[in-house]
Amino acid sequence: MTNTYSSPQQVHNMFNSGNSGNSGYGSTTDESENGSPLRGPRYLPVYDTPLLGATIDNDDLSEDDASDDSDHEHSNGDAVNNIPIHFKAMALSKKVAWNLPPENMSAMISENDALSSSRTGKYPSRSRRRNHRWMSILVACVVVVGLVAITNLQKHLHNLDKQHFRPTKELTSDLPYPAISRDSINAKGSPNRMFDMDLFVPDMKKTLLPFPTGAFWTNFVLKRDPSQNSNNNQDWAGQLSDPVIVYPYAFKWNQGIIAISYPSFRRIVQPYVIQDVFWPDISFSVSEGVVSRKILSYDHLSVTLRMNAPRIATENEAVSFFDMYMVQGSPYITGKFTRSSPKLDALSVWDKVGCVSDYAHVGGLCTISKADDQNNFYVSMTGVQFLITQAEGQQWILFVNDGVPITFLITADRHTIVTAHPYTGVIRLAIVPPGADLNGKTVNNLLNHSSIYPIASKVLIDYEDVPKVTKLIISIFLFLCHLFFIFFS
Amino acid sequence: MLALPHHKHALDASKTTIPVFDAPYKCIKGDMIPVVGNEWIAHVEPLTDVKLESNVEITDSFVVDIIKNNIKQDEDMVEPTAQDIYGFGKEIARLAQLALLADELKMGKAFVQGIVTKAHTYLTSWLDGKSGDHFVFDQDLGGVVSKGSLQNSQADFGNGW
């Protein structure tokens, strides 16, 4: 069970030649075709193509807002037209005041001023009243336009959610070398032989060119060598994937669960070796069971997994699933559930469940029901923030993100925490770092920032030419936070 | 969100909020740095300028003579004829380096051009795709690779696949 971090690196090395080839893939010509002229001889590798246009236009964000919207109207999801959408979304996340184009915003503000003055009791002249009538019509129009803009925007961003990987493009070369498909020569290194391509949503397969052999999540789709399993004493462990490290956590998955670990909890320090060890501390799943699983999307810093539960017969065959957003650097583990019942299985047992508010200054709504006070036999917990402790000693804070209290049941064997009813919403889990005081700043920050969750990322690279010094600025536009939340909070 | 320890030096301090944690999140790369906000801006200093020419001139004429002599000997010693791209790459790089040294030591245009022409001839045979383990374009992963390395992970000194 001692999985070191060598695995992703092995995957990477295995495809070393392929990767080094990628950078040679003719990206310059593609760029000019896409209408994103490149500044100077420097250009990004093809991976970053959709972002490049955005970087260059960065200075003109505000002016371009309105014209972008019209561009979006005739984008039908093909690669070239998608580029402005990326750019748009980044602009929005940057400006925060994203919901209306700037000129409409100012219009609204001035209209509101006019209205409020009319309410102060001063009776306006007839012409001013007429003005007001026109103005209120104008306001109505502006509001309608604004709402339409917001709706469109959310639609675009919804699309973005699904399509934010990379342009659909056949791999071709202008170089005079014969093109060879790995399958045609039965090469062992063929993606089809190395990777479980069924683990990608169908739309995504087209965009997997070139295949991301060195991505941090490649272990999720790497086919297991059956001969390895016989060496493993624990059969169930053999079925889990190799670990994917999403700092500070690590994940494995199989047909039914996503196993979560905080590997540094079991750090082994020797004179020349420091090793973090993966143990499936918590198995994330749904009580309905998982019937299929897919990689939904990915980018440089994130990957989203979908676990599908059976459709619900009593609800018109409604879909039931949950998505896990795995974003590098997130102290929270985030699952978004749709008509499914989140289930947390402990590695051994849940030692204790409690309320964050019992220990920390702040803490969300929470009540615990025990069958018997003396034996600490927990039955259920209802609320939005819980402190759950494993027998091995890890303390986790469990967040229910939508503000509506939900009820979790604790099974009699203390192995499982599961919601009483199917749930639609976001559930987050954050380990309390060993040594952290529940009244301390770590936990305080965790509680303060739990409401916004990252679902994806963008990386922009900008080159700033200063006399004699070329400065490379990498702006990492991280975390297109969930827009619904930003808008309503 | 949490940044890796080495990000801290690159993050723009004026635009980054770094709260103090009483206990850090840890990863194999060290204690992670908490960062508030949905946008991180990192500045990366440019690499030092690297030129092909030497920064220092060799003033000792005795040393210069020895080097010139060696260049003349080495130039004919090993022809870049390896049938694999790994070996050929090393050979052709050596030849190119000799041309560069000869140029630096002002051994005459004709002499330098002679080495360059030779390098050009050998390189062309590879770039035309006519050499032993020739190049192919990998349709699955993109990029140019040697044909043998597609089938054998041990090809090109273990750089296959």
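Values quoted throughout were computed directly from the atomic coordinates according to the rules given, and no laboratory measurement underlies them. This structure is a prediction, so every number in the text was calculated from the model and none was measured. Don't worry about glycine lacking a Cβ; one is built from the backbone with ideal geometry, like all the others, and counts go over all protein chains shown.
Neighbours of A:Trp396, meaning other residues whose beta-carbon lies under 14 angstrom from its beta-carbon, give a summed charge of -2 when Lys and Arg score +1 and Asp and Glu score -1. Taking a point 7 Å out from the Cα of A:Arg193 in the direction of its Cβ, the residues of region B:136-161 whose backbone N falls within less than 18 Å of it are B:136-142, B:145-156, B:158-161.
Computed over chain B, relative contact order equals 14 percent, with contacts defined as Cα pairs under 8 Å that lie 6+ residues apart. If the chain linking A:Asp183 and A:Ser292 were pulled fully straight, counting 0.36 nm for each residue of separation and taking away their Cα-Cα distance, it would gain 36.6 nm. Take the Cβ-Cβ distance between B:Lys29 and A:Glu392 as r, set R0 to 30 Å, and report the resulting FRET efficiency rounded to the nearest 0.05. E(calc), rounded to 0.05, equals 0.80.
For A:Ile137, A:Ile417, the sequence from fewest to most other C-beta atoms within 10 Å is A:Ile137, A:Ile417. Residue by residue along B:153-161, Cβ atoms of other protein chains within 10 Å of the local Cβ number 4 on average. Per residue of peptide A:178-186, the mean number of Cβ atoms on other chains within 10 Å of the residue Cβ is 5. In this calculation the C-beta distance from B:Glu57 to B:Ser125 is compared with R0 = 41 Å, giving a FRET efficiency of 0.70. Determine which residues of region B:56-81 fall in the zone a paramagnetic label at B:Arg94 would reach in this model, i.e. backbone nitrogen under 19 Å from the point 7 Å along Cα→Cβ. The answer is B:67-81.
Averaged over residues, the count of other Cβ atoms within 10 Å places the peptides B:138-151, A:183-196 in the sequence B:138-151, A:183-196, highest first. On the beta carbon distance between A:Asp351 and A:Val379, with R0 = 22 Å, the FRET formula returns roughly 0.90. Per residue of B:13-22, other chain Cβ atoms within 10 Å of the residue Cβ number 3 on average. The equivalent ellipsoid of region A:229-448 has semi-axes of 25, 24, 18 Å, largest first, where each one is the square root of 5 times an eigenvalue of the Cα gyration tensor.
Taking 23 Å as the limit for the C-alpha separation, the pairs A:Lys352/B:Lys29; A:Lys294/B:Lys8; B:Lys90/B:Lys118; B:Lys72/B:Lys118 exceed it in the case of A:Lys352/B:Lys29; A:Lys294/B:Lys8. Modelled spin-label separation between A:Asp402 and B:Asp84, with each label point placed 7 Å from Cα along the Cα-to-Cβ direction: 6.0 nm.
Taking every alpha-carbon pair under 8 Å whose residues sit at least 6 apart, region A:229-448 reaches a relative contact order of 15 percent. The distance linking region B:112-144 with region A:339-387 is 66 Å (Cα centroid to Cα centroid, whole angstrom). Taken along the Cα-to-beta-carbon direction at a fixed 7 Å, the label points for B:Asn70 and B:Asp12 span 4.9 nm. Counting neighbouring Cβ atoms within 10 Å and putting the fewest first, the residues A:Met324, B:Met77, A:Met307 line up as B:Met77, A:Met324, A:Met307. When you count the other C-beta atoms within 10 angstrom of each residue and take the mean per peptide, B:47-56, B:94-103, A:250-259 line up highest first as A:250-259, B:94-103, B:47-56. Of A:Cys355, A:Cys366, the sequence from fewest to most neighbouring Cβ atoms within 10 angstrom is A:Cys355, A:Cys366.
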